[in-house]
Amino acid sequence: MRRRFFARLLGASLAALAVLVLTTPQAAAADAGPAAPVRVGNVIDGHVHPSLCVARNGDVLAVYNQQGGGGKELLLSRSKDGGRTWSPAQPIPGIDQCSIYPGSLTTLSTGRIVLQWSCYHSEGGKLWRQPQYCTSDDDGRTWSKVVSIPLTDLTNYSCLRHPLLELAPNRWLLPLYDRTIVLDPETLKVEPFGDGRRHGLVPIVRTPGGAILSGAPVANAALPVSTPVEIVRGLRSVDQGRTWQALHALPTFGVAGYDLTVLRNGWIVLTSIVYGIGQDGEWAYQLSVSRDDGRSWALDRAVAVYNPGRRIPGRGWPRTVQLDDQTLGTLFYDLDANQPGGPGVFFVRTPIRALDTPATRPLAAATAAAAPVVTR
């Protein structure tokens, strides 16, 4: 009896000690930050430009080019465990006779997935891109026939990089680089959105409060891109795009822009790129949050999800989705040939509670040094 009593007492003491160790500030801080990047797939170079969505069944889908600048196929990798492991990449069937500029993935309210891209074309001295898409009703296992979006006056900027915004079941808002349009997928009718302005190649989302947020850095994008005028650093509309208010809140908008993700708890997450101060290139990717329906952003509390301590070759195009009630996932690519495994597409899981942790040092300031400090 006495031996059993002391054994139970010892077991209870060890369990209590384990709980104490696991709940120390150091352990809690480590658990609250972004996980280490996981390699999704190997790539070569160019416009790899990955896209990301979560299917109705919870699978995470990543689509990307293995080699950009007109890759001949789009590859799909799938994760069934929240981005911890990924299936070998498989080409999306049905895309042929096309040099591909990658586009976006969108999961609609019905669970249907829309995959969008553009095809490069040239004739004589004229260059243009034709936007196309296909859909899947079985979580990305099979895909419909390719549909070309019937646009007039196609240009070399007729392309899309962000998820479409589902205004209604048959009204898709598409922020193409050279025009911002609404498409009816049943009739293929195209019309301008809101006041008809060109937002550019930016994310546009609808907040839980019903406002529409645009990542537009300027009031009305010009083509070809020229000296910025009427800088707004984000736009917000409460009347379906008929009028807009300048936010003057979003950070530097570079070549690869940024991403906006609306969370189930009402927050909006901004995925942005940290650019070098006094030096060229991308140095890190970070997450910031708005808790007031997109009016303001806690940029001083940004969480670095990837900062390798060197310049990131390519134009990483980070994309973020909500995986579950506690976790975000961010997809990007890094073309550094000297990293283990060489150029690749990567995925990082981040606890949502990390966005409530004050940054110990503004990451943008760290890039002034030749080798930024790794903050993971």
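What follows is calculated from the coordinates using simple rules that are stated; it is not laboratory data. What you are looking at is a predicted structure, and each value in this text was computed from that prediction instead of being measured. With ideal geometry, Cβ positions are generated from the backbone for all residues, glycine too; neighbour counts draw on all protein chains shown.
Values computed for the structure shown
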read-out	value
Signed unit charges on C-beta, dipole axis of segment 34-366, positive-most listed residue 43, 170, 152	43
Positive-end extreme of charge dipole, segment 34-366 - chosen from 351, 273, 54 (charges on Cβ)	351
Sorted peptide list for 41-49, 266-274, 122-130, criterion being average Cβ within 10 angstrom, highest first	266-274, 41-49, 122-130
Amide H contacts under 5 Å for residue 149, placed H, 5+ residues apart	132, 133
Residues of segment 329-344 with amide N under 19 Å of a point placed 7 Å along Cα→Cβ from residue 39	330-344
Relative contact order (%) - segment 34-366, alpha-carbon pairs under 8 angstrom, separation at least six	15
Sequence ranges 287-295, 150-158, ranked by mean other-Cβ count within 10 angstrom, highest first	287-295, 150-158
Footprinting exposure proxy for 261, 327, 187 (fewest neighbouring C-beta atoms within 10 Å first)	187, 327, 261
Kirkwood Rh, angstrom, segment 34-366 [1 / mean 1/r, Cα pairs]	20.0
Interchain or long-range residues, amide H under 5 Å from residue 74's placed H	92
Gyration tensor verdict on segment 141-246 (Cα atoms; rounded if a/c is under 1.5, prolate if a/b is larger than b/c, oblate otherwise)	oblate
Relative contact order (%) - segment 214-363, alpha-carbon pairs under 8 angstrom, separation at least six	16
